Structures are given as structure tokens and as C-alpha cells.
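S.K.: Have a look at this one before I ask anything.
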């Protein structure tokens, strides 16, 4: 018995001593921890990438119904208010108008014919049936009201003849007439004067187209943006240089054929203006077939814009 007791006591002491030794060793190792680092890579203790958390959406989940789809295109522009564009529209019978403009306007006796249909007067009131002259006057005044001081213009009135007018017709003189004989800046005063000039036009006999176009090309220099040529009839008299009191139509011994002379001479007159960039527009007013034939032939030969009104 005594031997067994002694063995038990010795075994217990050994166990207690082992536990104490482990405790001391653990305490010593916690006081000086060692960091193990790779000698080949000084970034071994850094994270090698970002931490990403991915969450799958539910298959039955939908976008909110009140959110409109996103489109690449811009929304359509709001339309302009009615009439807003007309007040600043610098066009003449649909043709754009530059800054320096010459108008050749037929004011011959036949412009009093009433065959151009309906339109609007100076104040925008509807006119059921206009004369050719009224059609031109209304459109010209409408344009003048849109111009400003950056514009300059003049008018060449196409009428007259170097011959005695037939009985019952108004005078055949002068042979063409200019408003200012120079390009005039569109100041407030000049605009008012020009409008009065157009509204009070008096028609007279003859259609001296050759003379009017020559003056339009030669008396204003070459720096002209637009040359507008308006007429309701073929050139008249038919022959240039017809003797006073005659209406020679042969164009033989009495002189050159009026229309042919224009087709031959105009390209030379217009060449400097064309080189500058001037645009020629030919506006046929009324229903005269002779005017239509001449204006279409002239427009085609000169590369001009042909407008029928």
C-alpha cells in the first residue's frame, strides 16, 4: 500500500511539473512574436486582390414601371410660334436675299393686268385677285420691312421706249428709271422712302429690257449679292433702235432683234458680278406666254433661277 501511494504521488508531481513548464514556455513565446516574411517578395503580407461581393438579382425582379426608357436621340424641338418666322424672313419670292441687292422691276403698262390670283396686301389682308403690279408691290414692301442697316439696295424701273407710244397709251419716256442710282443703305428713313417709292409707282409704255439689264449690271459695280429681274412680258419693241413712230418687229434693217441682243450682250455685262458671286433670279409675273418663253430661255442660258408668279 505504501508503495502504491508513493507512485501516485510521484506521478501527480510529474504531471503538475509538465503543465507548469508548458505555461512558462507559452508565456515566453508570446512576449516576442516573430513575423515570417518572404525574402524574395517584400509584398508577401499585402492582399493580392480586391474583395468582391457579388449578389445575383432575382430573376423575377423588374425595373420600376414609372421610369421611361432612355434613348440616345435628343427630344424633338418645340415648333416656332405661328407667324414668328415671317417677320424676319429675308426672302423675295422664295429666294434668299443678300446684303447688296439690285431689283429690275417691270413697270410697263401691261403690269396692270389682273391675272396673278390671290395674295396678301401690305397689311396682310387677303386680296382675291391682284394685278401684276400689285403682286410685285406687296412682295417688295414685305421684304423692305424685314431689312436692316446691314443691307443696301436700289431699283431699276423697266419701262419706256425710243418710239412714239400708240394712241391711248401713256408716255413712253423715260426709257428706264433708277430710284437712287446707287446702292442705298437701309436706314429707317431710306426704308420709309423706298416703301413710298414702290407704293406710288406709275406705269408707262414699253418694255426696254436690254437697257434696264445693262444699267443694272454697269451702274452699281460688281459687288452685288443678288440681281432680281421681274417682268411680265417679252422685250418690246421687238427691234432695238426702231424708228420713232414705228413698231418694227423684224429686227432687220431697223435694228437688232431685242431678245437676241439681250442673249448676246448680257453675259458680258454680268461676268464681273458672276465672278463676285452674284445670284441672278428671273421672276415671271402674270400669264403672258411671250414672257414665259423669253424668261425661261434667258434663265437657262444664264444659269439663273426661274420663278413663275
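S.K.: Which ordering of 132, 100 is given by a fewest-first count of other beta-carbon atoms within 10 Å?
M.R.: Neighbour counts put them in this order, fewest first: 100, 132.
S.K.: Follow-up. If only Cα atoms are counted, what is the Rg of region 194-243, and what is its Dmax, in Å?
M.R.: Taking only Cα atoms of region 194-243, I get Rg and Dmax of 13.4, 37 Å.
S.K.: Next up: Looking at the square roots a ≥ b ≥ c of the eigenvalues of the Cα gyration tensor of region 157-299, which shape do they give, rounded for a/c under 1.5, prolate if a/b is larger than b/c, or oblate?
M.R.: oblate
S.K.: Cα extents of region 253-305 along the three principal axes, largest first, in whole Å?
M.R.: Sorted from largest, the Cα extents of region 253-305 read 34, 31, 13 Å.
S.K.: Provide the descending list of Cα extents for region 125-166 along its principal axes, expressed in whole angstroms.
M.R.: Taking max minus min along each principal axis of the Cα atoms, region 125-166 gives 41, 32, 6 Å.
S.K.: Same structure again: How would you rank 173, 99, going from fewest to most other Cβ atoms within 10 Å of each one's own Cβ? Walk me through the numbers on the way to the answer.
M.R.: Numbers: 173 14, 99 17.
By the 10 Å Cβ count, ascending: 173, 99.
S.K.: How do 155-163, 227-235 rank on mean C-beta neighbours within 10 Å, highest first?
M.R.: Details: 155-163: 23.7, 227-235: 25.7.
Going from most to least packed, we get 227-235, 155-163.
S.K.: Same structure, new question: 7 Å from Cα along Cα→Cβ at both residue 196 and residue 301: what's the point-to-point distance in nm?
M.R.: My value for the distance between the label points is 4.0 nm.
S.K.: What list do you get for 240, 289 if you sort them by fewest beta carbons within 10 Å?
M.R.: Sorted ascending by nearby Cβ count, the order is 289, 240.
S.K.: Once you order the gyration tensor axes a ≥ b ≥ c over the Cα atoms, which shape class does region 87-136 get: rounded for a/c under 1.5, otherwise prolate or oblate by comparing a/b with b/c? If you can, show how the numbers build up before the last one.
M.R.: Values: a/c = 2.85, a/b = 1.31, b/c = 2.18.
Here region 87-136 falls in the oblate category.
S.K.: From the Cα trace of region 124-231, what convex hull volume per residue do you get, rounded to a whole Å³? Could the numbers behind the result be given before it?
M.R.: Numbers: hull volume 12.5 nm³, N = 108.
Taking the convex hull of the Cα positions in region 124-231, it is 116 Å³ per residue.
Just so you know, all these numbers are worked out from the coordinates, no wet-lab data involved. On a predicted model such as this, the values are computed, not experimentally measured, just so you know. Positions of Cβ are generated from backbone atoms using ideal geometry, with glycine treated the same way; all protein chains shown enter the neighbour counts.
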